[in-house]
Amino acid sequence: MVDSELSISEKTWRRFVYADRPITDENFKKCCKFLDDLNWEEIADSSQPSQPSKYDWNSAPSPEPDFYGRDEDLKTLEKWVLDERYRLIILYGFGGIGKTQLAVKLGEQVEKENKFDRFIWQKLSYTTPKDVLLSELLYRLSPNTDQITSDLEKRFLEELKRQRILIILDEHELSQKGEDSNSNRDSYKYYCDFLRQLSLERHKSCILLTTREKPNNLETVASFVKAHELKGLDVDAGCKIVADILSSDDNEPPKNLTSDEKARKVLVGRYGGNPLALKLVAGLIKKQFHGNEGKFLNRNDISMVVPDEIETILTSLTEALDPFEKNILCYLAKVSDSVSNDELYENLPTGMHGSKLPIVLRDLTRRSLIITVSEGNKVFHTLQPMVRKFVLRQLT
Ligand SMILES: Nc1ncnc2c1ncn2[C@@H]1O[C@H](COP(=O)(O)OP(=O)(O)O)[C@@H](O)[C@H]1O
Ligand SMILES: [Mg+2]
């Protein structure tokens, strides 16, 4: 339906009727006039000027009600966002490690401090063209303007300069089953280049990206960009997650539940303090081992259970690896201890030149596929048990 005299478009009518998207003052009055001269002042909420909300949380996931640990990580991020005013912050780590939930916590803290003019939570899927993302962000920043279709980058930068905005770009799965992981990875690189470029521009806002892969070459923009690797939860926090699941009251409460602190700690270590893995495995223990962690660990002391969700994450992370990267992973998986840099140089895969090793190790580390530790003047590499199990089963 289009009213010619009042020139109300069908889109505007839909917005008016369904009230799901903002509508300009002028259009709102036109629609009221058309409907038998409704008095718009009676309908409009005068206490709510047609301003976009300051904290736009709509697309953020619900906060985890039983959130444990992460004090130090939160402190670090708060300092970078609120005090040191970095323009781009990369929060990276293995899938399920808790990046999204930590970003939610950070958003809550930032809201309390009231130092930002605007806050926006945006899911980021790399299959979305960059211009579509920018136009969505611009729309959310100023919903009363017409849809912006040109000079998107320039307009976006103007907004970042005009007001202090915190934008959390929360990575959606890097690749879903059936998607082309290489083309996803290309668009990921493209997004990262854009964000890196943006951080070089003088502006007062901050973009925080959660991601499973730390982007390359952040060193070139180190004055404006920080990266934080989110590692596993500490043992206490991990144990609390397991305890919550085991004692949760559902249709099948475990019988004779006994708390085995020692076994619980071993379990948390075995799953690298990954809260998603711990929740899933604790669910299995509850259902199939009467909530007894010790029994589960004893049955699985040679092999271990890799939950499906973690397996999917590992598949997507390893799909696009080159043969040398796969070879190094397989080598590390077959050796049960940590392996020193020197040992890796002595056992290079056939055809691989030693000069490639630092790059291969860097790329595996930035995907959280290997753990690197320094001891004295030596550097050692190893795999977390879930990765080792996956590599031995799927890649060797
Ligand atoms: N600190 C925490 N305490 C308790 N549960 C957590 C914590 N961090 C994450 N979780 C839970 O672990 C699961 C994975 O967390 P999420 O933030 O989605 O991980 P990521 O974004 O790294 O993939 C979710 O169920 C989440 O609620
Ligand atoms: Mg996430």
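The values are calculated or read from the model by the stated rules, or taken from the named source; none is laboratory data. Please read these numbers as outputs of a predicted model, since none were measured by experiment. Reconstructed Cβ throughout: ideal geometry from the backbone, glycine too, with neighbour counts over all protein chains shown. Just so you know, the surface numbers come from the protein's heavy atoms only, side chains and all, with ligands and any DNA or RNA stripped out. Shrake-Rupley method; radii C 1.70, N 1.55, O 1.52, S 1.80 Å.
Checking each residue in region 189-209 for being of a type in the set (Lys, Arg), touching a residue at least 60 places away in the same chain (Cβ under 8 Å), in a helix (DSSP H, G or I) and open to solvent by 60 Å² or more (accessible area, probe 1.4 Å) picks out no residue at all. Remark: pairs (first residue in region 52-76, under 30 Å from residue 143 (Cβ atoms); second residue aliphatic (A, V, I, L, M) and more than 8 Å from ligand 1 (Cβ to nearest atom); Cβ separation under 6 Å; 6+ apart in sequence or on different chains) = 56/120.
Evaluating residue 59 against the criteria (1) within 21 Å of residue 194 (Cβ to Cβ); (2) modelled with pLDDT of 90 or more; (3) polar (S, T, N, Q); (4) touching a strand residue (DSSP E or B) at 6+ places or on another chain (Cβ under 6 Å) leaves one unmet condition, (2). Pairing residues of region 374-396 that are β-branched (Val, Ile, Thr) with residues that are surrounded by fewer than 19 Cβ atoms within 10 Å (Cβ to Cβ) and not in a strand (DSSP E or B), at Cβ distances under 8 Å and at least 6 apart in sequence or on separate chains, gives 379/341; 382/337; 382/338; 391/330; 396/330; 396/334. Annotation note: Cβ proximity below 6 Å between a residue of region 210-228 that is in contact (Cβ under 8 Å) with a residue 12 or more places away in the chain and open to solvent by 60 Å² or more (accessible area, probe 1.4 Å) and a residue that is β-branched (Val, Ile, Thr) and within 16 Å of ligand 2 (Cβ to nearest atom) (sequence gap 6+ or interchain) occurs for 226/89. Residue check: residue 77 meets all listed conditions (1) assigned to a helix (DSSP H, G or I); (2) open to solvent by 10 Å² or more (accessible area, probe 1.4 Å); (3) of a type outside the set (Phe, Trp, Tyr) but one, namely (2). I'd like the full set of residues that are more than 16 Å from ligand 1 (Cβ to nearest atom) and on the phi < 0 side of the Ramachandran plot, limited to region 103-128. Matches in region 103-128: 110, 111, 112, 113, 115, 116, 117, 118, 119, 120, 127, 128. Pick from region 269-322 the residues that are part of a loop (DSSP other than H, G, I, E, B) and of a type in the set (Ser, Thr, Tyr): which of them is surrounded by the fewest Cβ atoms within 10 Å (Cβ to Cβ)? Only one residue fits best here, namely 303. Note on region 279-313: residues that are touching a residue at least 40 places away in the same chain (Cβ under 8 Å) and within 13 Å of ligand 1 (Cβ to nearest atom) amount to 5. Quick check on residue 97: is it within 16 Å of ligand 2 (Cβ to nearest atom), surrounded by 15 or more Cβ atoms within 10 Å (Cβ to Cβ) and part of a loop (DSSP other than H, G, I, E, B)? Judged against the criteria, residue 97 is a match.
Answer yes or no: is there a residue in region 350-357 that is open to solvent by 60 Å² or more (accessible area, probe 1.4 Å) and in contact with a strand residue (DSSP E or B) (Cβ under 8 Å, 6 or more places away or on another chain). Looking through region 350-357, none of the residues is open to solvent by 60 Å² or more (accessible area, probe 1.4 Å) and in contact with a strand residue (DSSP E or B) (Cβ under 8 Å, 6 or more places away or on another chain). State yes or no: is residue 344 more than 16 Å from ligand 2 (Cβ to nearest atom) and not assigned by TED's automatic domain parsing to the domain that holds residue 263? Against the criterion (more than 16 Å from ligand 2 (Cβ to nearest atom) and not assigned by TED's automatic domain parsing to the domain that holds residue 263), residue 344 qualifies. Quick check on region 82-102. Is at least one of its residues within 20 Å of residue 61 (Cβ to Cβ) and more than 16 Å from ligand 1 (Cβ to nearest atom)? No: zero hits. Residues in region 100-126 that are over 13 Å from the mean Cα position of the chain (by Cα) and near ligand 2 (Cβ under 10 Å from one of its atoms): none. For residue 242, are the conditions met, namely being farther than 30 Å from residue 321 by Cβ, open to solvent by less than 10 Å² (accessible area, probe 1.4 Å) and at pLDDT 90 or above? It is true that residue 242 is farther than 30 Å from residue 321 by Cβ, open to solvent by less than 10 Å² (accessible area, probe 1.4 Å) and at pLDDT 90 or above.
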